[in-house]
Amino acid sequence: MGRKRHLLVDTLGLILAVVVHPANIQDRDGARLVLGKLEGAFELLRLIWADGGYGGATLAQWLKTLLPRQSVRLEVVKRTELHRFKVLPQRWIVERTFGWLSNYRRLAKDYEYHPENSEALILIAASKLMLARLAR
């Protein structure tokens, strides 16, 4: 009965791609779902920082076969010390985006039955965040 959300964000924390799927799918397989949305889009993308849960050479090799014309590099950002809290700048960008999204009532808890509805609500909330930045 759980869900996992995978986000692909830029350095400002704005969402480029989102995938919501059941919790019984592993993180590496969920990464393939969200990175699959890169095909044919974002030609200027060169580096992707990923969490330690997405580690493994198979994901990096799969990304190279998915985007053969682009020289996209997958870099896994791992923790430096166990059981110590340390803010890692690359990982903080996505966590901050999840924090922004949790301010929206429909996204604070998993109310939706279909994953597509959750994805749509995440994109609506991200659109509102971008419009608020533009309105300043």
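The values are calculated or read from the model by the stated rules, or taken from the named source; none is laboratory data. Keep in mind that what you see is a predicted model, and the values were worked out from it rather than measured. Cβ: placed from backbone, ideal geometry, glycine included. Neighbour counts: every protein chain shown. Side chains are part of the model used for accessible areas, which takes the heavy atoms of the whole protein and leaves out ligands, DNA and RNA. Shrake-Rupley method; radii C 1.70, N 1.55, O 1.52, S 1.80 Å.
Given the structure, is Arg28 in a helix (DSSP H, G or I), of a type outside the set (Phe, Trp, Tyr), open to solvent by 70 Å² or more (accessible area, probe 1.4 Å) and modelled with pLDDT of 85 or more?
In short, no.
Would you please name the residue that is most open to solvent (accessible area, probe 1.4 Å), looking only at residues in segment 37-51 that are under 17 Å from Glu75 (Cα atoms) and touching a helix residue (DSSP H, G or I) at 6+ places or on another chain (Cβ under 9 Å)? Can you show your working first?
Looking only at segment 37-51, we keep the residues that are under 17 Å from Glu75 (Cα atoms), and these are 38, 44-51.
Imposing the further condition that a residue be touching a helix residue (DSSP H, G or I) at 6+ places or on another chain (Cβ under 9 Å) reduces the set to 38, 45, 48-51.
Numbers: Leu38: 1, Leu45: 38, Ile48: 13, Trp49: 105, Ala50: 12, Asp51: 61 Å².
Within segment 37-51, the match that is most open to solvent (accessible area, probe 1.4 Å) is Trp49.
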Check your understanding: Looking at (1) open to solvent by 20 Å² or more (accessible area, probe 1.4 Å); (2) among the β-branched types (Val, Ile, Thr); (3) over 18 Å from Glu119 (Cα atoms), which is the only condition Val72 fails?
Key -> (1)
Study note, to complete from the structure: Filter segment 99-120 for residues that are open to solvent by 40 Å² or more (accessible area, probe 1.4 Å) and touching a Leu at 6+ places or on another chain (Cβ under 7 Å); the one that is modelled with the lowest pLDDT is Arg106
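Which one is modelled with the lowest pLDDT, of the residues in segment 63-96 that are part of a helix (DSSP H, G or I) and more than 20 Å from Arg46 (Cβ to Cβ)? Explain how you work it out, then say what you get.
Step one: filter segment 63-96 for residues part of a helix (DSSP H, G or I), giving 63-66, 89-96.
Still in the list and also more than 20 Å from Arg46 (Cβ to Cβ): 92, 95-96.
Details: Trp92: 76, Glu95: 81, Arg96: 84.
Residue satisfying both the conditions and the ranking: Trp92.
Would you say Leu33 is open to solvent by 50 Å² or more (accessible area, probe 1.4 Å), within 12 Å of the chain's Cα centre (by Cα), closer than 30 Å to Ala132 by Cβ and not aromatic (Phe, Trp, Tyr)? Give the derivation first.
On the way: open to solvent by 50 Å² or more (accessible area, probe 1.4 Å): yes; within 12 Å of the chain's Cα centre (by Cα): yes; closer than 30 Å to Ala132 by Cβ: yes; not aromatic (Phe, Trp, Tyr): yes.
It is true that Leu33 is open to solvent by 50 Å² or more (accessible area, probe 1.4 Å), within 12 Å of the chain's Cα centre (by Cα), closer than 30 Å to Ala132 by Cβ and not aromatic (Phe, Trp, Tyr).
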